[in-house]
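Comments concern the structure below.
The values are calculated or read from the model by the stated rules, or taken from the named source; none is laboratory data. Because the structure is predicted, anything quoted here is derived from the model rather than measured. In this analysis, Cβ positions are derived from the backbone assuming ideal geometry, glycine residues included, and neighbour counts consider all displayed protein chains.
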Amino acid sequence: METVIAFIEEFIAQEYKASVALTTEPDLHLLETDIEILNQFFQGLDSGLNISSSRTLEEQDRVIRQLQPRVLFQIKQYAHSTLGTIYRVYLSSTFREDRDYFTNFYIANTGKGLKIVARYHICNTCNGKGKSADIICDECHGFGWKWRGGQQLNILGTLVTVRKFEPPIDGQHLQEYESV
Ligand SMILES: [Zn+2]
């Protein structure tokens with residue numbers, strides 16, 4: 001668990017650096033290096049940060065006011081039937097002031113060490129609950145999260161342990177946070 005925490009903290013810092021650089025770094029090679037380093041945290045998907053061909057530079061102060069390093073809420077460890085140990089990391093978005101669940105990254109031990117192997121985003125329809133008015137959510141089929149790249153992990157296996165860092169603000173997210 002400790003190595004996963006260090007891995008995700010390093011990822012969060014690198015993602016923030018690359019996100020700011022995306023619209024503020026005048027040196028294209030430095031920006032490409034930042035994104036390359038970021039993409040090395042992934043396997044089977046990438047960071048989703050792409051350099052636009054019509055990139056225009058923005059004022060750094062303005063960009064910093066819009067972005068934040070993602071908030072880390074909790075990490076759940078599961079025993080997955082084929083992947084072995086997997087870690088489900090609950091993060092906010094990178095938009096400043098966001099203190100709610102937004103992204104789940106799944107981290108696994110691969111031949112190249114720890115890698116993010118899947119990304120899910122919270123289902124907007126049911127806000128992560130998997131159902132609304134006791135009816136299974138059509139949008140996410142009851143999972144509460146929607147697949148956004150990498151492996152599709154429909155069955156997570158047995159929950160082994162949870163490490164908590166910070167509670168989310170949203171009432172429904174908080175309820176989930178406090179339920180495990
Ligand atoms: Zn849903």
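So the values come out like this:
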read-out	value
The range 125-163, subset outside any loop (DSSP other than H, G, I, E, B) and among the hydroxyl-bearing types (Ser, Thr, Tyr), residue farthest from Ser81 (Cα to Cα)	Ser132
Which numbered condition Ile169 fails, given (1) more than 23 Å from Gln43 (Cβ to Cβ); (2) in a strand (DSSP E or B); (3) β-branched (Val, Ile, Thr)	(2)
Candidate set from the range 102-114 (those that are under 12 Å from the mean Cα position of the chain (by Cα) and not in a loop (DSSP other than H, G, I, E, B)); member that is farthest from the ligand (Cβ to nearest atom)	Ile107
Whichever residue in the range 1-58 is in contact (Cβ under 8 Å) with a residue 60 or more places away in the chain and of a type in the set (Gly, Ala, Ser) and, among such residues, is surrounded by the most Cβ atoms within 10 Å (Cβ to Cβ)	Ser19
Looking only at the range 79-96, and only at residues there that are modelled with pLDDT of 95 or more and part of a loop (DSSP other than H, G, I, E, B), the one that is surrounded by the fewest Cβ atoms within 10 Å (Cβ to Cβ)	Arg96
Matching entry among Tyr87, Tyr120 (being touching a helix residue (DSSP H, G or I) at 6+ places or on another chain (Cβ under 6 Å), of a type outside the set (Val, Ile, Thr) and under 14 Å from Gln151 (Cα atoms))	Tyr87
Meets criteria (surrounded by fewer than 19 Cβ atoms within 10 Å (Cβ to Cβ), aliphatic (A, V, I, L, M) and at pLDDT below 95) for Ile155	yes
